[in-house]
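Engineer: Could you have a look at this structure, given as C-alpha cells, before my questions?
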Amino acid sequence: MNKQMGKEILVLFIITLTAGLLLGLVYAVTKEPIAAAQEEKKQEAYQSVFEDAASFAPLEPFDQEACTAILTEAGYEKDVIDEVCLALDTSGEQLGYCFTVTSKEAYGGSLQLAVGIRLDGTVNRIEFLSLSETMGLGMEAKQPDFYEQFSGKQVTEFLCTKSGATGENEIDALSGATITSNAVTNAVNSALCYFNTFNGTPSEAGGGTNE
C-alpha cells in the first residue's frame, strides 16, 4: 500500500465516521419530538373514534403475545393489535375501548388505524393513523363514504363485498381497491375479535373475503 492510497483510506474513514456521528446526533435530537408527534396523532385519532370520551388509559395488563395468538387462531395472522386503551368519560367511567391495529395485507404494504368499540360491541368509528395506498384507488379508504360504513354497527364481524352491501355487516369495497378494502375490514374485525374475548366469546370467524 503506497502513501497516497493510505491517505485516501484515512480521509474516507474520517468522512464515514463524521457522517455516522452526525446521523446519530440528528437521531438523538429528533427522536423525542417524533415520538411526541406520533403520540399526539394517536390521541387525536382516539378522540375522533370516541368523541364523548374525556381521557384514554392504557389497558393493564395487555398481553400482546396472547393477543397475537388469538388473532392468528381466528385467521387474522396479518393483523397486529399494537395497543388497547380504555375510553373514559369525565367521571372516569368506562365508555369502551380504543384499539390501535396494524394490517400487513394492504396493497402498499401496511396500514394502521384506530378502532373505537363501545362496551356493547358497537363499532363507534374508525380513524386512519397511516395509509400509503395508490392515489385514486386505495387512498379513497380515507373518504367518509368508505370508512363511515363501519360506524354505529353492532356485528360480530364485517364482510367486504364487491356486489353491493345489503346486510348490516357488509362493507362496499372500493372500486379497483379490493385488497385495501379487505385489509381495512380485517383490521376492524381483528379489534372486534379481541374485544369479544373480554366477554369470553371470541369471534370464530376471521380473515375472510367476499370477492
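All of the numbers you see were taken from the coordinates with simple rules; none came from a lab. Keep in mind the model is a prediction, meaning the values are calculated, not measured. Here the Cβ is made from the backbone with ideal geometry for all residues, glycine too, and neighbour counts use every protein chain on show.
Engineer: List the residues, sorted by chain then number, that are 5 or more residues from residue 174 or on another chain and whose placed amide H is less than 5 Å from its amide H.
Structural biologist: 181
Engineer: Which order do peptides 140-147, 164-171, 68-75 fall in by mean Cβ count within 10 Å, highest first?
Structural biologist: Packing proxy ranking, top to bottom: 68-75, 140-147, 164-171.
Engineer: On to the next question. Within 10 Å, count the other beta carbons around each residue, average over each peptide in 122-128, 17-23, and list them highest first.
Structural biologist: Top to bottom by mean Cβ count within 10 Å: 122-128, 17-23.
Engineer: Go through 90-96, 108-114 and give me the packing order, highest mean Cβ count within 10 Å leading.
Structural biologist: Ranked from most to least packed, the peptides come out as 108-114, 90-96.
Engineer: So how much slack lies between residue 110 and residue 198, counting 0.36 nm per residue of separation and subtracting their Cα-Cα distance, in nm?
Structural biologist: So the extension gain works out to 29.0 nm.
Engineer: Now, a different point. Could you derive backbone 3J(HN,Hα) for region 42-52 from the dihedral phi with the Karplus parameters 6.51, -1.76 and 1.60 (θ = phi - 60°), listing whole Hz in sequence and x where the residue is Gly or Pro?
Structural biologist: My calculation for region 42-52 gives 5, 5, 5, 5, 4, 5, 5, 7, 9, 5, 8 Hz in order.
Engineer: What list of ³J(HN,Hα) couplings, whole Hz, do you get for region 75-80 from phi and the Karplus terms 6.51, -1.76, 1.60, once you set θ to phi - 60° and write x for glycine and proline?
Structural biologist: Values per residue, Gly and Pro as x: x, 9, 6, 9, 10, 10 Hz.
Engineer: For the pair residue 119 and residue 168, how long in nm is the line joining their label points, each one 7 Å along Cα→Cβ?
Structural biologist: 2.0 nm
Engineer: Would you calculate the separation in nanometres between label points at residue 132 and residue 22, each defined as 7 Å from the Cα along the Cα-to-beta-carbon direction?
Structural biologist: So the label points at residue 132 and residue 22 sit 2.5 nm apart.
Engineer: Read phi for every residue in region 150-164 and hand back ³J(HN,Hα) as whole Hz from Karplus 6.51 cos²θ - 1.76 cosθ + 1.60, θ = phi - 60°, with x for Gly and Pro.
Structural biologist: Once rounded to whole Hz, the list reads 7, 5, x, 9, 10, 9, 6, 7, 9, 10, 8, 10, 9, 9, x.
Engineer: Right, another one. Once the dipole of region 49-198 is set up with Lys and Arg at +1 and Asp and Glu at -1 on Cβ about the Cα centre, which of 174, 186, 143 lies farthest towards its positive end?
Structural biologist: 174
Engineer: With +1 on each Lys and Arg Cβ and -1 on each Asp and Glu Cβ, and nothing else charged, work out how big the dipole of region 49-198 is about its Cα centre, in Debye to the nearest 20.
Structural biologist: 340 debye
Engineer: How big is Rg to Rh over region 49-198, alpha-carbon atoms, Rh as the Kirkwood inverse-mean-distance radius?
Structural biologist: 0.96
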